Every structure is written in structure tokens, then in C-alpha cells.
1. Can you tell me the Rg and Dmax of segment 66-177, counting just the alpha carbons, in angstroms?
2. Which ³J(HN,Hα) values, rounded to whole Hz and listed in residue order, are derived for segment 173-184 from phi using the Karplus coefficients 6.51, -1.76 and 1.60 in 6.51 cos²θ - 1.76 cosθ + 1.60 with θ = phi - 60°, glycine and proline given as x?
3. If I take R0 = 30 Å and measure r between the Cβ atoms of Asn73 and Tyr144 in this structure, what FRET efficiency does the formula 1/(1 + (r/R0)^6) give, to the nearest 0.05?
4. With +1 on each Lys and Arg Cβ and -1 on each Asp and Glu Cβ, and nothing else charged, work out how big the dipole of segment 164-246 is about its Cα centre, in Debye to the nearest 20.
5. Under the rule of at least 5 residues apart or a separate chain, name every residue whose amide H is placed under 5 Å from the amide H of Ile60.
6. Using packing as a proxy for protection, rank 120-130, 164-174, 181-191 so that the peptide with the highest average count of other Cβ atoms within 10 Å comes first.
7. Using only alpha-carbon positions, what ratio does the radius of gyration of segment 4-53 give when scaled by 2.2 N^0.38 Å?
8. Treating cross-link reach as a plain straight distance, find the lysines whose alpha-carbon is under 26 Å from the alpha-carbon of Lys230, omitting any fewer than eight places away in the same chain.
Amino acid sequence: MKLIINADDYGLSKSINEGIIEAYNEGLISSTTIMINMPYAEDAILKWKENTNLGLGLHINLTQGSPISNNVNSLVDENGIFHKHRKVENEEVKILYEDAYKEIKAQIDKLLSYGVQIDHLDYHHFIHLNPSVRKALINLALEYKLPLRTTDSDFREEVKNVNIKTPDIFSFNFYGDDAKWETIVNFVVNHRDCESIEILTHCGYVDEDTKQKTSYILREVELIELRKLKKHSFYKEYKLSKFSNL
């Protein structure tokens, strides 16, 4: 089994960056994904360049902050800020495929400009539910020959049908009240027949700046619970892998 434990939101804040790198150095995660349009993206890349065995993917972001490309009007409100994720996911705003493609490509190219070999693509929130974004994600994963996260079976089947690499199953369970080490153990045990699994985490440290950027503040709890996994010898039984090893 190829088990990927990925930490989302790399680059969102300095304290999250520090927590993710610490988790990697303790052997708790194998992969992370960077929000390249966030203020601490460069800090994240500098830290990664000292830890290059950590899989570094792109956390495609169309729902927080501002775009890095110009003239993608369908993606933003009257203030030039990305629409809230629920509006995108529920198609309450009309997202043009051309705008989604342009911005996602710009984010990929910006990450590549730092001399990074991108491990995979995934996405902030569930923006793949929007048809225009979904099409752009698939086309760009094909164009750049990159693996892609799939959070549900329908999307997974669609992605596999065009020969994009993706894990066999995905878990978002390690979150909120269920951010407990047992949640990960139970999911992996129940899916032992899968050749590859992705477990999503939001581990990190939370400072005052982080609290201004995200409502999810149980990131330090997740770190503690991942350490409990190690204490219970989980990582001796299940070796960690990366998307690039699929």
C-alpha cells in the first residue's frame, strides 16, 4: 500500500509553515501542498528547499485572497477578491472555463518558476464541484503530466479514465471533532485492499496571524494526534509515500 499523508495550506501563514515542516521532520507526513498566492508562499518554498524529500504539490486556490493573473473577472467579486468557496462550488456565480484555466495555469507556472518539481495538484475547498473548474483541473493535470487529488468517486473515475494518476481512495475524516489518531488508523485498516490512499491533514501551528486567515484552528491538535500515531507504531506498519510514487 502507498499511503500519502498530506498537509494542506502550506504558505497560508508562517506558523502553519513551521508546523508542517516540523511534522515532516518527525516523520508524520509525506506530502504538503502550497498556496502559491498567499503571503508566506516564499517562506514555505525556502523551508522546503531545506527538506526536498517532502513531496511539494500545488494547492490550487480560487477561493481565498486574490488571483495572480489579470483579467479573470468571473473568478472575483467587485473588489477583485476570489468568490467564497460555496458560491463557486454551488455555481451561484458563473465561472468561465477560460478564467479558471488561466489562473490555475498561472499558479502552476509560478510554483515552477522557483525551480520546484511539482509532486501533484490538489485544490483548496471543493472547487472541483464546479464544472468549469473541474474541466480546467483535468486539462492542466494532463498538460503538465501531474497526479491529481480526487476527493470523491465520480471525480476519481473521470480522472482515471483519462490516465491521470490519483490515489484509489481519499479521506477527509481527520478533521474537527474527528481529528484523532484513531480516525486515521481505522480508515487505513478498513481500506487495506486499496493500492494507494491519501489522508488529508491541516496540521500546523496557530498564531494570531493564522487566526485572521482561517477559521480552522485545530491544527495544533492535529499535530498532537499525528504524534500519537507515531507513539502507537503506526508508521512502522505503514510506510509513507508521495503522489509522485503512484
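Values quoted throughout were computed directly from the atomic coordinates according to the rules given, and no laboratory measurement underlies them. This structure is a prediction, so every number in the text was calculated from the model and none was measured. So basically every Cβ, Gly included, is an ideal-geometry build from the backbone, and we count neighbours across all protein chains shown.
1. So, for segment 66-177, Rg and Dmax equal 14.3, 40 Å respectively.
2. 5, 7, 6, x, 5, 9, 6, 10, 4, 5, 4, 5
3. 0.75
4. About 340 debye.
5. Residues meeting the criterion, in which the H sits 1.01 Å from N, are Asp122, Tyr123, His124.
6. Taking the mean over residues of other Cβ atoms within 10 Å, the ranking is 120-130, 164-174, 181-191.
7. 0.99
8. Lys2, Lys14, Lys47, Lys49, Lys180, Lys239, Lys242
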